[in-house]
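This report refers to the structure that appears directly beneath it.
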Amino acid sequence: MKNIMKSRKTTDSTRRKGRDAQADPDEDYLDQDYDDYDNEEEERIRRIKNKGLVRVSYLMVALFLSMAGYLIYFNVVLRDDINNNQYNTKQSAYQEQIIRGNIYSADGNVLAQTDIAEDGTESRSYPYSNLFAHIVGYATNGKSGIESVHNYDLLSSHASILDQIREEKLDTKVQGDSLVLTLNTQLQQVCYDALGDNKGAIVVLEPSTGKVLAMVSKPDFDPNTIEQDWDALINDDSNSSLFNRALQGQYPPGSTFKILTTLEYIREHPDDYQNFNYTCNGSISKEDVRITCYEGEVHGYENLEQAFVHSCNGAFAQIGMEVNNDSYRKLCESFLFNKDLPIDLPSSQSLFRLSSNASYGEEMMTAIGQGETVVSPFEMALVAATVANGGTMMNPYYIDHIETYDGDIVKQYAPVKYKELMSEEEVDILSGFMKEVVTDGTARKISGEEYTAAGKTGSAEYGSEGGAEGTHSWFVGYLDAENPKLAISVIIEDGGSGSSSAVPAAKMVFDKWWYELQYQQ
């Protein structure tokens, strides 16, 4: 029995040894699976790490490109703004080395210069005193106007190397570069005279180029005495003499806005706008709102052109309730309402606030240029210039070129098209209406001269919720209807109807240019 048990143990032991000596095929496969799994896991981990490295690399490249892009934007696009910023501390260093450059009118007159006393003291002087006060500005007690916006240009010098070496040896300053503006001295003077003692503004543009030919705002100030007058000027709330009404004023446009209301109606009725008709009884009422024509005038039966020429508030209030508010807003925004003007002088936005769900009263008021709609005189000059230029708005500009003190050109400015805003057919219709305003409408005081003109008057009421406090007088239009030379915007605060104050002021400007200035060009 013991032998049998011993034999069994020997056999089991031999079997175990055999299994240990000879590999089990199933175990080989299992080991291989483990090896494959380990390799796949390592590969998976490696791929994850690679993806992470790739993402980090992309992120670093993106950051680098962003930084490079910002540096380019900072040094190219923002360069002028940064250089001319009054808080740029480098400008004080420029003042130690460079004499501030001169500013000239288009016709060669000095508008601003630096005078040097025997002891070397520098002072800024303005030969035309108040005439260019708002646009040229001042450089004492801070800076404003062109003196501020182009401070860096006036404190830069592109004089020849020989001149700079000579001045350095003599331990004297180098003369800074000069700005030559697009403004005409005589045209500026007639605009100034046309405003008289009134508060208001006049802007004159060249429609084909966008050149600013004149810009006047009143009340004004004398930049030569700005330091002595400073306290009085900043505390004079009634006149706001430092305020540039031409660019920063926000006025109800009155009937001048009917130019855009008419354009919107024509666009919505391209084939049947001529069928528009309205019988004016002097007023129109809808719900709790009543709109009257100026001084209650009754115009009777009118088509669209007659309503425009007679400036009938009733007809345009009716149009305001018919046009699509969203389309109306898009049209006005294409003309830069609710946007910054494309000019680097400080300016205010013209605002169009009519919503898609506005009340009838809001629609009627907006269509006649009242309600919440406000404009700057400069904005309305751009509208008139766009019609005069065949529907193309040009970017306005007021510097013709920058030159060294001895006349070498440093930078030349050129006309730039902003956008085509009107079709040829739309221009023909509107310009025809605006010509009739002069020959047979509310601007008849301009007619009867050798020249032709086109335009639109406006009588814009303003005041509190309790009622109107006064009426601003407007005229916008252009000279030489067949070949427009000048576009103008005139506002006279509290001037009454457009025909009573603004039209005579515009006529003074047109007369001066037509009978004198055009022959000096």
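The values are calculated or read from the model by the stated rules, or taken from the named source; none is laboratory data. The structure displayed is predicted, hence computed values, not measured ones. Positions of Cβ are generated from backbone atoms using ideal geometry, with glycine treated the same way; all protein chains shown enter the neighbour counts.
Within segment 481-499, the set of residues being surrounded by fewer than 18 Cβ atoms within 10 Å (Cβ to Cβ) and under 27 Å from the mean Cα position of the chain (by Cα) comprises N483, D494.
Listed here are the helices (runs of 4 or more DSSP H) enclosed by segment 216-311 that have at least 1 residues being under 27 Å from the mean Cα position of the chain (by Cα) and within 30 Å of Q188 (Cα to Cα): 226-234, 245-248, 258-268. Among residues of segment 236-252 that are free of Cβ contacts under 8 Å to residues at least 60 places away in the same chain, those with a Cβ under 7 angstrom from a residue that is of a type in the set (D, E), sequence gap 6+ or separate chain, pair up as S241/D220. Looking across segment 437-460 at every residue that is β-branched (V, I, T) and part of a loop (DSSP other than H, G, I, E, B), the one that is surrounded by the most Cβ atoms within 10 Å (Cβ to Cβ) is identified as T442.
Assigned to a loop (DSSP other than H, G, I, E, B), over 22 Å from D229 (Cβ atoms), under 28 Å from the mean Cα position of the chain (by Cα) and modelled with pLDDT under 80: which single residue out of N75, N88 fits that description?
N88
Within the option set G448, G441, G496, G470, being in the same structural domain as S217 (by TED's automatic domain parsing) and either in contact with an Asp or Glu (Cβ under 9 Å, 6 or more places away or on another chain) or closer than 17 Å to M380 by Cβ (or both) holds for one residue only, G470. Of the residues that make up segment 500-508, is at least one under 26 Å from P219 (Cβ atoms), more than 29 Å from the chain's Cα centre (by Cα) and not in a strand (DSSP E or B)? Yes. Restricted to segment 371-412, and to residues there that are in a loop (DSSP other than H, G, I, E, B) and charged (D, E, K, R), the residue that is surrounded by the most Cβ atoms within 10 Å (Cβ to Cβ) is E372. When segment 278-305 is filtered for residues that are more than 17 Å from T442 (Cβ to Cβ), out of contact with any helix residue (DSSP H, G or I) (no Cβ under 8 Å at 6 or more places or on another chain) and of a type in the set (V, I, T), only T279 remains. Restrict the check to segment 469-478 and report whether at least one residue is touching a Gly at 6+ places or on another chain (Cβ under 6 Å), surrounded by 14 or more Cβ atoms within 10 Å (Cβ to Cβ) and of a type in the set (F, W, Y). Yes - at least one qualifying residue is present in segment 469-478. When the residues of segment 263-290 are filtered to those that are among the aliphatic types (A, V, I, L, M) and within 23 Å of G455 (Cβ to Cβ), the one that is surrounded by the fewest Cβ atoms within 10 Å (Cβ to Cβ) is I266.
The set of residues in segment 466-499 that are outside any strand (DSSP E or B) and without any contact (Cβ under 8 Å) to a residue 24 or more places away in the chain comprises G466, N483. Checked against the criterion of being aliphatic (A, V, I, L, M), at pLDDT 95 or above and assigned to a loop (DSSP other than H, G, I, E, B), segment 110-129 contains not a single residue that satisfies it. Within segment 324-344, the set of residues being hydrophobic (A, V, I, L, M, F, W, C) and touching a strand residue (DSSP E or B) at 6+ places or on another chain (Cβ under 9 Å) comprises F335, L336, F337, I343. When F257, F221 are screened for being over 30 Å from D400 (Cβ atoms), crowded, with 16+ Cβ neighbours inside 10 Å and out of contact with any Pro (no Cβ under 7 Å at 6 or more places or on another chain), only F257 passes. When segment 315-360 is examined, which residues are found to be touching a Phe, Trp or Tyr at 6+ places or on another chain (Cβ under 8 Å) and assigned to a loop (DSSP other than H, G, I, E, B)? Passing the criteria: V323, F337, N338, L341, P342, I343, L345, S347, Q349, S350, F352, L354.
Of the conditions (1) touching a Phe, Trp or Tyr at 6+ places or on another chain (Cβ under 9 Å); (2) of a type outside the set (G, A, S); (3) surrounded by fewer than 17 Cβ atoms within 10 Å (Cβ to Cβ); (4) not in a loop (DSSP other than H, G, I, E, B), Y519 clears all except one; give me its number. Condition (1) is where Y519 drops out.
Here S376 meets each of (1) under 18 Å from the mean Cα position of the chain (by Cα); (2) farther than 16 Å from V490 by Cβ; (3) not hydrophobic (A, V, I, L, M, F, W, C) with one exception, condition (2).
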